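What follows is a short report on a single structure.
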Amino acid sequence: MLTSAADKPRSRQQAAHRPEETGKGHLVIDIENISTHYIVDGRAIPALSDVSLRVEKGEIFGIIGVSGAGKSTLVRTLNLLVRPDRGRILVDGVDITALAKRQLQSYRRKTGMIFQHFNLIGAKTVADNIRFPLQLTGEYGKAEMDRRVDELLDLVELSAHRDKYPAQLSGGQKQRVGIARALANDPNLLLCDEATSALDPQTTQSILRLLLDINRRLGLTIVLITHEMDVIRSLCDRVAVLDRGVVVEQGRVVEVLLHPQHALTRALVQESADHPADGNIVDRMRVQGLRGPLVRLTFLGAITYQPVLQRIAAALEVGFNIVDGVVGRIKDTPYGQITVQVLGQLPDLARLENVFGEHSVRCEVLRA
Amino acid sequence: MSPDFLVLFASIGWSDIALATGETLIMVGASLLFTVLFGLPLGIVLFLTSPRQALANAPIYGVLSLLVNLVRSTPFVILLIVLIPVTVTLIGTSIGVPGAIPPLVIGATPFFARLVENVLREVDRGIIEASQAMGATLPQIVFGALLPETLPGLLAAITVTAITLVSYAAMSGVIGGGGLGDLAIRFGYQRFQSEVMVVTVAILLLLVQALQVLGDRLVLHFSHK
């Protein structure tokens, strides 16, 4: 964005009022080469090794990995519940590892966090759990707090349960209280530590919808960790794959899911539902006795619903035999990924790739 | 009821017993108040300085822990005698109801503090972590999260301590502490009036029972599990 120095204060002010417009592209978190360790039997074991990540404002950033990969540690560095041994964490250009105690406390008040096991205070009612972070700031009068608590209860649809205790709630309701509590001080960032791992699939869906809704309505940046690719698929814009404390792959979710590079990513993608086990499609076709070239086509966005295959078949005078594939959505993006056998006399694969490319369809030759 | 039985109790000085019961109640009440007043902060400090807690500090925890163990391992009768000069320095006398209170408080405080430490240790770490993540200061975590969360446990600890104080208070009769224990020793033991002993024990039992029922009620009232 090109602005003169004089324009800057004005555009900043606008940014505060319209996060959804100006948010994109503004850097919010930059994790630079952080390393951490934990102690087992008096020995230091590395938990994170030289991790660097960038989270953009307003996006939902997912961190996935198997248990023990360091996900919990990584998300906890973002509010310094875990302090890195080395490296910096810049939030809007400010290194939070260098903050004084007071400053860190006010930073944390603007950084919400929800947990796998909710971590609600069992002795406080739903309303008082949500009131707690408001009380901590000492900035609100009683009437103001009551009003804010009512708003938050309404947001998470728990108004009818305001005077209940956590033990009287279901898991999903508890997590809603956790979300309301995390949002109480109008945070800039929401951290989710396996927020749906203790919930049944249906409840998981409702919590994920709520998080997506909050992200859109409030323009709130969300960083979440999970071991489930489905959570990444339905919620995240970008993802990092963590393996034994190292980021092995990161990028846009559609890119990582449809073209996983690292073996772990491939394994995680294949484990998750409704995706073809395409690892050995070539072998499977050989067993089936199918001859001729095999190509994998990836459609992304609106093109997914266009009759591209038919048009190209007509133009190049070839036939396509779909042998494997899936059409679905990743978050809001429609996609299709199919493997086709190319039929016809000596089809020109290079030309085929070009023509698909012209239609914005990615074409990979699996077998010539 | 046989006439013999009534005759037996006719010799009891009920006004003495009423007076002694009142003294015991005062001793237990006052020493419980001071025990909680000193023991609760001590228990909180023990908890916070213990390994892997917010103020983990091995030397401080080690010293406090040793002091607590020192008092707790000393039989209360010995403690009563050892503390006589301390009591005299503090309040000018070592006998009667006032003279009994300092040794009772000193004897019960480490016991209560250890109970508090254990109760706090039962709190799910996640609650502390969530409070930290919200930007709570340490006092805010202690008073806003830990103490409310452990209120039932703390009430149970106070109940146990109160009952311990009933028996300690009776024991303080040995050094002229006043109350039911004093009565039991002077009449029941030294004058061979067994019936006084029986009545004394019965009243102590009633007192303990009442404290336990009251404590249990309070614990239940404040539990939201």
| query | Angle, helix A:201-218 long axis vs. longest principal axis of chain A, Cα atoms, 0 to 90°, nearest 10? | reply | 70
| said: Give the lysines reachable from B:LYS225 as a straight Cα distance under 16 Å; neighbours fewer than 8 places away on the same chain don't count. | reply: A:LYS124, A:LYS164, A:LYS174
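If you average over every viewing direction, what projected area does the convex hull of the Cα atoms of the stretch B:76-225 give, in nm²?
Average projection, Cα convex hull of the stretch B:76-225: 10.9 nm².
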| said: Could you check the spin-label model distance between A:ARG88 and B:LEU19? Points 7 Å from the Cα along Cα→Cβ, value in nm. | reply: 8.0
| Alpha carbon centre of the stretch B:17-36 versus the stretch B:69-113: separation in Å? | 15
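Averaged across the residues of A:95-108, what count of C-beta atoms belonging to other chains lies within 10 Å of each residue's C-beta? It would help to have the intermediate numbers written out before the result.
Numbers: counts 0, 0, 0, 0, 0, 0, 1, 2, 0, 2, 6, 1, 1, 6.
If you average over the peptide's residues, the count of other-chain Cβ atoms is 1.
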| For labels at A:ASN280 and A:ARG147 in the simple 7 Å Cα→Cβ model, what's the distance in nm? | 6.5
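Nearest 5 percent is fine: what portion of the DSSP beta bridges confined to the protein assembly as shown is antiparallel?
70
Rounded, prolate or oblate: which fits the stretch A:278-367 when a ≥ b ≥ c are the square roots of the eigenvalues of the alpha-carbon gyration tensor, with rounded for a/c under 1.5 and prolate only if a/b beats b/c?
Numbers: a/c = 2.10, a/b = 1.21, b/c = 1.73.
Since a/c reaches 1.5 but b/c is at least a/b, the shape of the stretch A:278-367 is classed as oblate.
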| In straight Cα distance, which aspartates and glutamates are under 15 Å from A:LYS331, not counting same-chain residues fewer than 8 positions off? | A:GLU59, A:ASP213, A:GLU228, A:ASP230, A:ASP237, A:GLU255, A:ASP274
| Hey, how many Å between the Cα centroid of the stretch B:162-178 and the Cα centroid of the stretch A:34-57? | 57
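State the extension gain, in nm to one decimal, for the chain segment bounded by A:THR333 and A:ASP95, taking 0.36 nm per residue of separation less the distance between their alpha-carbons.
On the way: separation 238, 0.36 × 238 = 85.68 nm, distance 3.45 nm.
That pair, A:THR333 and A:ASP95, stretches by 82.2 nm at full extension.
Which of the peptides B:148-157, A:179-188, B:50-59 is most tightly packed, and how do the rest follow, going by the mean number of other Cβ atoms within 10 Å of each residue? Don't jump to the answer; show the numbers that get you there.
Working: B:148-157: 20.6, A:179-188: 22.6, B:50-59: 12.1.
With the highest mean Cβ count within 10 Å placed first, the list reads A:179-188, B:148-157, B:50-59.
Determine the calculated [θ] at 222 nm for the protein assembly as shown from helices alone, applying -39500 (n - 2.57) to every DSSP H run no shorter than 4 residues and normalising by the residue count; nearest 500 deg cm²/dmol.
Details: 25 runs with 309 residues, N = 593.
Rounded to the nearest 500, it is -16500 deg cm²/dmol.
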| On Cα atoms only, tilt of A:349-358 relative to the major axis of chain A in degrees | 40
| request: Alpha carbons only, please: Rg and Dmax for the protein assembly as shown, in angstrom. | output: 34.9, 125
| Which of the lysines could be linked to A:LYS110 by a straight reach, that is with a Cα gap under 17 Å, when you skip same-chain ones fewer than 8 residues away? | A:LYS57, A:LYS101
| message | Between helix B:58-73 and chain B, what is the angle of the helix's C-alpha long axis to the longest principal axis, kept within 0 to 90° and rounded to the nearest 10? | response | 10
| query | What residue among A:GLY87, A:GLY42, A:GLY58 shows peak mean-square fluctuation when chain A is described by a Gaussian network model with Cα springs under 10 Å? | reply | A:GLY42
| request: Sort A:46-53, B:96-103 for me by packing, meaning the mean count of neighbouring Cβ atoms within 10 Å per residue, highest on top. | output: B:96-103, A:46-53
| Hey, what's the per residue convex hull volume over the C-alpha atoms of the stretch A:173-268, in cubic angstrom? | 108
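None of the figures in this text is laboratory data; all of them are computed from the coordinates on show. As the structure is a computational prediction, the values presented were derived from the model and not from experiment. In this analysis, Cβ positions are derived from the backbone assuming ideal geometry, glycine residues included, and neighbour counts consider all displayed protein chains.
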